[in-house]
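Dumping the structure here so I can ask a few things about it.
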Amino acid sequence: MVHRYFTLEEAETALPKVKKHMTRLMGLHDELTALSGVKVHADTMDWTAHLLAVNINKRYHELSFKYFAELESLTRMGCYVKDVQQGLVDFYSKMGEKDIMFCWQYDEPRLLYYHDEK
């Protein structure tokens with residue numbers, strides 16, 4: 001698989017932009033989670049409940065589209081989003097011939113850790 005490899009400086013320079021995307025992504029995740037818990041129970045003759053269910057589903061899909069657009073933007077930048085809820089993002093890099101990943105967690109001021117590609 002082909003990756004974009006970052007130097008430490010390149011990855012740290014990208015952090016403000018990454019943080020903006022992650023802020024939106026995490027917010028969208030929270031909204032989607034909340035909406036997925038909404039259940040509308042009504043008999044088939046209740047037009048108002050049916051319309052409410054349609055609008056909830058419409059909103060869920062709108063948010064899903066935005067969520068995946070944010071995820072795609074981060075991926076196109078070369079980031080690997082490991083966990084949206086925790087705000088974990090990795091950046092591929094090289095240490096000599098070995099592939100490593102710089103690790104960043106939302107609200108960390110800079111890249112503090114790295115690990116093997118696994």
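If you rank Trp104, Trp47 by fewest surrounding Cβ atoms within 10 Å, what's the result?
Values: Trp104 26, Trp47 9.
With the sparsest Cβ surroundings first, the list reads Trp47, Trp104.
About the Cα centre of the chain, how large is the charge dipole given +1 on each Lys and Arg Cβ and -1 on each Asp and Glu Cβ? Please answer in debye to the nearest 20.
Working: 15 positive and 18 negative charges, 47 e Å.
Magnitude of the dipole: close to 220 debye.
If I model a spin label as a point 7 Å beyond the Cα along the Cα-Cβ vector, how far apart are those points for Asp46 and Lys19 in nm?
4.6
Next up: Measure nothing fancy, just the Cα-based angle from helix 47-77's long axis to the longest principal axis of the chain, in degrees from 0 to 90, nearest 10.
For helix 47-77, the angle is close to 10 degrees.
Across the chain, what fraction of all alpha-carbon pairs, as a whole percent, falls in each successive 5 Å bin from zero upward?
2, 11, 19, 17, 13, 10, 8, 6, 5, 4, 3, 1, 0, 0
Can you give the angle from 0 to 90° between the axis of helix 8-36 and the longest principal axis of the chain, with both taken from C-alpha atoms, to the nearest 10?
That works out to roughly 20 degrees.
Under 5 Å between amide hydrogens, which residues at least 5 positions from Leu88 or on another chain qualify, with H placed 1.01 Å from N in the peptide plane?
Counting only residues 5 or more places away or on other chains, the set is Lys82, Asp83, Tyr106.
Let me ask another. Can you give the FRET efficiency for Lys58 and His3, using 1/(1 + (r/R0)^6), R0 = 22 Å, r = Cβ-Cβ distance, to the nearest 0.05? Present the calculation step by step, with values, prior to reporting the outcome.
Details: r = 36 Å, r/R0 = 1.66.
According to the calculation, E is roughly 0.05.
Among Lys58/Lys82; Lys19/Lys58; Lys20/Lys82; Lys20/Lys58; Lys20/Lys66; Lys39/Lys82, which pairs are too far apart, with a Cα-Cα distance over 20 Å?
Details: Lys58/Lys82 27 Å; Lys19/Lys58 28 Å; Lys20/Lys82 16 Å; Lys20/Lys58 25 Å; Lys20/Lys66 14 Å; Lys39/Lys82 29 Å.
As for pairs spanning more than 20 Å Cα to Cα, those are Lys58/Lys82; Lys19/Lys58; Lys20/Lys58; Lys39/Lys82.
In what order do Ser36, Ser93 fall by count of nearby beta-carbon atoms within 10 Å, going from fewest to most?
Ascending Cβ contact count within 10 Å gives the list Ser36, Ser93.
Values quoted throughout were computed directly from the atomic coordinates according to the rules given, and no laboratory measurement underlies them. Since we're looking at a predicted model, the values are computed, not measured. Methodologically, a virtual Cβ is constructed for each residue, glycine included, from the backbone with ideal geometry; neighbour enumeration extends over all protein chains shown.
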